[in-house]
1. Of all residues in segment 7-42 being more than 20 Å from Val79 (Cα to Cα) and open to solvent by less than 60 Å² (accessible area, probe 1.4 Å), which is nearest to the chain's Cα centre (by Cα)?
2. For segment 145-158, name all the residues that are part of a helix (DSSP H, G or I) and open to solvent by 40 Å² or more (accessible area, probe 1.4 Å).
3. I need a count of the residues in segment 130-161 that are aliphatic (A, V, I, L, M) and on the phi > 0 side of the Ramachandran plot.
4. Do you know which residues across segment 114-128 are surrounded by fewer than 19 Cβ atoms within 10 Å (Cβ to Cβ) and of a type in the set (D, E, K, R)?
5. Does segment 5-23 hold any residues that are part of a loop (DSSP other than H, G, I, E, B) and within 19 Å of Lys65 (Cβ to Cβ), and which are they?
6. Only residues that are within 29 Å of Asp130 (Cβ to Cβ), open to solvent by less than 60 Å² (accessible area, probe 1.4 Å) and in contact (Cβ under 8 Å) with a residue 60 or more places away in the chain: list them for segment 180-226, please.
7. For segment 89-143, which residues satisfy the criterion of being within 21 Å of Leu222 (Cβ to Cβ) and either modelled with pLDDT under 95 or β-branched (Val, Ile, Thr) (or both)?
8. Looking at (1) part of a loop (DSSP other than H, G, I, E, B); (2) open to solvent by 50 Å² or more (accessible area, probe 1.4 Å), can you tell me which one Tyr284 breaks?
Amino acid sequence: MSMKIRAMYFTGTGTTAKITTSIAYSMWSELKSTAGSAEAEDFLSEVEFEKEADINFAVKAARDKEYIFDENDIVVFGVPVIAGRVPNVLLKFLDTLKGGGAIAIPVVLYGNRNFDDALIELRNILEDKDFRTVAAAAFIGEHSFSKTLAAGRPDAADMKIADAFAKEAADKILWIMRDSAAHEVEMSYTLDMMGPVEVEGCDPIRDYYKPRDRHGEHINILKVKPKLHEDKCIKCGMCAAVCPMGSISKDEPGIVSGICIKCCGCVKKCPTEALYYDDAGYIYHKEELEAMYGDERKEPSLFI
């Protein structure tokens, strides 16, 4: 029997990728080590845990593919939090997933404000697509708009927590396997009896968070797009490569022709800092976020 472990994620600036790939690798290492130990039960010694290639579906072309999983898959599934929810531009793609009874670990990354209903929404989506969620987590990443809000996160302390979480999740999967073997039932039966992992959030899911200042006034940045310092641009194509919506042309990076979700991958990945936002509402919103949430260090929320 072979069980395949991978991370599958949407990432703009790299924070979601950093956490999910680390969790997937640590889970694989823990499961493989336990199964290969001299103390492993007979049924475990017959299981081969394999680390599969991770899937980055922030690349637009990756979302045109079909992803089909089965009961022998374990997927650490990560998305960033946008407006307190799973990014709405991903909903159509997520609806194409075929879980096939695979085990899933939903993970969300947020910029030190709040993850609101993003985690419960992601859990529900995965369950609806026939995944079985056994653990979940919300981690903090440097806010896409800012270089100071949750700067450098996930940092070393976060990665240590991610490693411990991965080992707990692996131990839970091993417990499920042992319990199923002891009762001579399929793992799918045990997983169905356990039900989805319990996480924080509201169900029904609340509406998308609307950016507000400290006085409660709404700030509308929906149509804001980055601009280009022509004199700084070296036409390297990095911005076009990282734009998850395919909205930036390599030949004309100053023209953002499609949707901009403000992931800021183009801004933060540009080697010459040629891309920037100058919209007054955007800058005001960024400064308000830094003022309201910059002093507190939020900690990861883990659910096993």
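The values are calculated or read from the model by the stated rules, or taken from the named source; none is laboratory data. Everything quoted here is computed from the prediction, not taken from an experiment. Neighbour counts run over all protein chains shown; Cβ positions are idealised from the backbone, glycine included. Ligands, DNA and RNA are stripped out before the accessible areas are found, and what is left, the full protein with its side chains, is counted by its heavy atoms. Shrake-Rupley method; radii C 1.70, N 1.55, O 1.52, S 1.80 Å.
1. Pass one, segment 7-42, residues more than 20 Å from Val79 (Cα to Cα): 28-42.
With open to solvent by less than 60 Å² (accessible area, probe 1.4 Å) added as a condition, the list becomes 28-31, 34-35, 37, 40.
Details: Trp28: 18, Ser29: 21, Glu30: 21, Leu31: 22, Thr34: 27, Ala35: 28, Ser37: 32, Ala40: 32 Å.
Ranking the qualifying residues of segment 7-42, first place goes to Trp28.
2. Pass one, segment 145-158, residues part of a helix (DSSP H, G or I): 156-158.
Passing the criteria: Ala156, Ala157.
3. 1
4. Looking only at segment 114-128, we keep the residues that are surrounded by fewer than 19 Cβ atoms within 10 Å (Cβ to Cβ), and these are 114, 127-128.
Result: Glu127, Asp128.
5. Taking segment 5-23 first, the residues part of a loop (DSSP other than H, G, I, E, B) are 10-14.
Passing the criteria: Phe10, Thr11.
6. Ala181, Met187, Ser188, Leu191, Val197, Val199, Gly201, Cys202, Ile205
7. Val89
8. Just one mismatch for Tyr284, condition (1).
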